[in-house]
Every structure is written in C-alpha cells, then in structure tokens.
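Below is one structure; the comments refer to it alone.
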Amino acid sequence: MIGRMDPYILIISIPAVLWAISFHEFCHGYAAKLLGDPTAEMQGRLTLNPIKHFDPIGVLMLLFVGFGWAKPVPINSRYFKNIRRDIIIVSLAGIAGNLLTAFVFVMIRRFVPLSNFGYAGIVFIEIMIFMNVGLAAFNILPIPPLDGSKILYGFIPFEWLKFYYFLERYGFFILLILVFTNSLGFIMSPVRYFFLRIVGYF
C-alpha cells in the first residue's frame, strides 16, 4: 500500500483503475444485452468510456486501498428468461472481465521480455494484474451490493431469502464495518491469492 501512495505509482495506477472499472461494468452490460436486456445500451452505459462508469469514492478507494467500485450498470431482470440463472451470469461477467484482463497481462509479463517496457511499463503491468484481481476479489464477496451477493441470490433456497433481504438492507454498513476494522483486507487476501493462481501469476 505504501507504493501506491508514491505520486509516480499513483499516476501510473490511474489508467489501470479506469480500465478495471470500465471493463468490469461493460462486461455486466454486454452479458445482460446477450440475455435480452437492452437497458445498459439504451442508457449509454454499454461503453468502455470511464466517465460513464465513474464513481469518485469507489475509484479513490481502488487507488488508495486496493478495492473499490464503479457506478453500477443498470440491469432490468424482467427481460431475462431465467431470472436466477441470468443474474448469476451477468454478475459473473464483470468478475470474469477483470480476471481476463489480469490473465492477459500475466501472459505479457511471462512471454514478452520486460526489458522492452522500461520501468514504467513493468510497473503498469504489475498494477494492471493486481488492480484487476483486487477488484474481482472484492466484487465476489457475498455482501450486497457486490456481485457476489447477486450470485448468492441465484443459489439461495427460497426459505432463506429473508436473510438475504436483511443483508441487502444493511450490506453497505457491513462493508463499512469491515473496512474500518481492517477485516476486509484479511477476508479478501485468500480470494486474491486464489485468483492470482487462476490467472497464472504464480
């Protein structure tokens, strides 16, 4: 975390953050479109333009803390043929997009001589990997309003939905408590490590 506070590292991190949040939300919107929901496209959110997805607090969190969020792409589940299944697919799409990005940069790191990039290029590659893995690890947590909670909704038995709706009501406060007690990083650490293994970093 100290490295991210360095102004030089911070400047290099900005395009990585903008890509991570934009591609994450674009993947949500594109998956929804493929499943019949045109809402994101109709509202101009089916784009890689980071301005359309920018949430200032979420971006600052991602820059300085290592996890954060973008402005959620609007999804209308009434267009879905199988609501539970399609919500899971749309929710996983953003996480998959971040892991795909990390995988691409892991492959660049592995097969392209790093001497071709210079110091700034090497740092950017590392940041792209860890930024996208961090965003994926954060979003897969089963706490509303994160993607993981929507994946959980797709599997949870109907008799447990009351508990889910309770989490949905207080999810943001649960996240705040985890952040301020420094518990969120501890929870995310094994998930982040698992994703780094998936994308071939180790």
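The numbers here are math on the coordinates, done by the rules we state, and not lab data. What you see is a predicted model, and the numbers here were worked out from it, not measured in a lab. Counting neighbours? That spans all protein chains shown, and the Cβs are built from the backbone with ideal geometry, glycine included.
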Fewest to most neighbouring Cβ within 10 Å: what's the order for W160, W69?
W160, W69
Taking θ = phi - 60°, what integer Hz values does the Karplus form 6.51 cos²θ - 1.76 cosθ + 1.60 yield along the stretch 134-139, in sequence order, with x for Gly and Pro?
x, 5, 5, 5, 5, 6
Within a Gaussian network of the chain (alpha carbon springs, distance under 10 Å), most fluctuating of L18, L48, L175
L175
Gap separating the Cα centres of the stretch 116-192 and the stretch 42-87, nearest whole Å:
14
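At a 10 Å Cβ-Cβ cut-off, how would you order L100, L141, fewest neighbours first?
Arranged by neighbour count, lowest to highest, L100, L141 become L100, L141.
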Exposure proxy check: V191, V17, V133 ranked by fewest other beta carbons within 10 Å?
V191, V17, V133
For T47 and V65 in one chain, what is 0.36 nm times their gap in residues minus the Cα-Cα distance, to one decimal in nm?
3.9 nm
Contour minus Cα-Cα span, E168 to L100, at 0.36 nm per residue, comes to 21.6 nm
